[in-house]
1. Packing-wise, with mean Cβ within 10 Å as the measure, how do B:168-174, A:110-116 rank, highest first?
2. Treating only the Cβ of Lys, Arg, Asp and Glu as charged (+1, +1, -1, -1), what charge dipole size does the protein assembly as shown show about its Cα centre? Round to the nearest 20 debye.
3. What's the ranking of B:14-26, B:151-163, B:92-104 by average number of surrounding C-beta atoms within 10 Å, highest first?
4. Would you kindly compute the Cα radius of gyration of the protein assembly as shown and its largest Cα-Cα separation (Dmax), both in Å?
5. Around residue A:85, with a cut-off of 14 angstrom between Cβ atoms, what is the net charge of the other residues, counting Lys and Arg +1 and Asp and Glu -1?
6. Can you tell me which of A:91, A:40, A:68 moves the most in a GNM of chain A? Springs connect C-alpha atoms under 10 Å apart.
7. Return the average number of partner chain Cβ atoms within 10 angstrom of each residue Cβ along peptide B:34-46.
8. Please compute the average number of Cβ atoms from other chains found within 10 Å of each residue's Cβ in peptide B:128-135.
Amino acid sequence: MKNKNLIIIMCLLIQFNLHDCYAVEPNEILKNAKQEERARNISKNIRCMVCQNQSIDESSASLAKDLRILIREQIKDKKKDDEIYKFLTDRYGDYILLKPPFKPNTLALWLLPLIFCIIGLFIVIINNKKSKKLIKNI
Amino acid sequence: MKKQFFKIPIIFFTFILSIFLYLLIIDRNPSEIPSNLLNKNVPKFVTKSLFNSKKFFSEEEFGNETTIVNFFATWCKPCRDEHVYIKGFAKEKKVRVIGINYKDDPEKAIQWLKEFGNPYSNVAIDKNGKIAIDWGVYGIPETFLISSNAIIQYRHVGPITKKIYKKINLIIEKTD
């Protein structure tokens, strides 16, 4: 029993640790804490083009490191967040953003789940009414 | 009327299923991301040239004739695999072939080209990978086809195979 609890605690600890796993190396970190925070926030929204399911903040791929350094350089050059995002999307397209923007070509992506939910809800309501009628008739 | 209404989810489901089936059947690489630079001008850059002391000016290199740009490195095994096809492009003399040596040791790159043959009319050095980022490169080898007016026509991610070699040659013929 004790062993079981220990395993559960260890699994939980690993789980919590994984959330804080970042690939940022000490020599990449900016001295200015505010600028570093901005860099981290941008990096968390940028997809690693090599791993594709990780942000560049979490990825240890060489390209992810290059992009992290580039973002920090641009922040030091006093570029705004929008300008940095534009720089990246101009080269890699919207795919590099982990959260796709709301644009005409992404309308289906954003609206289809809502449309399916409405259809589902509609079907549930109609079915509900039907079954109520059936119960009354019985 | 009500019966027809309940057909809608089935029609939707069949429609989505047919899309999935179609995507499974067609010949495509789902991890390949289309280039955002297609039909746009070649990025401008200035860097060192691998073979001579002269600088490499992209504006001088592109915009005169149809050109193939190949990102390569000596440490990249697939680059060696596709090298025979890059040499093929240079041999056929339909296009000019430019190399961009990505994050590599220049001396090793010179040695590598001596050993396997040099199909490039000029090689630009991308020491820190910044030129590659400007081209939207995410995994070398990558090959671009540039028209004579310096517009990016095609991009291939990964090593060139016999099939891709034929495909690029067809695009070259159309571009001409």
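Derivation of every value follows stated rules applied to the coordinates shown; laboratory data play no part. The shown structure was predicted, so the numbers you read here are calculated from the model rather than taken from an experiment. With ideal geometry, Cβ positions are generated from the backbone for all residues, glycine too; neighbour counts draw on all protein chains shown.
1. On the way: B:168-174: 13.9, A:110-116: 10.9.
Result, highest mean first: B:168-174, A:110-116.
2. Working: 51 positive and 33 negative charges, 353 e Å.
Roughly 1700 debye for the protein assembly as shown.
3. Numbers: B:14-26: 9.4, B:151-163: 17.4, B:92-104: 20.2.
Those peptides, ordered most packed to least, come out B:92-104, B:151-163, B:14-26.
4. Here Rg and the maximum Cα pair distance are 26.1, 95 Å.
5. On the way: positive: A:38, A:44, A:47, A:79, A:80, A:86, A:91, A:99, A:103; negative: A:81, A:82, A:83, A:90, A:94.
Charge balance in the 14 Å sphere: +4.
6. Ranking A:91, A:40, A:68 by mean-square fluctuation puts A:91 first.
7. Working: counts 2, 3, 9, 4, 1, 0, 1, 0, 0, 2, 0, 0, 0.
Shielding by partners across B:34-46 averages 2.
8. On the way: counts 3, 7, 4, 0, 3, 8, 3, 1.
Going residue by residue through B:128-135 and averaging, the value is 4.
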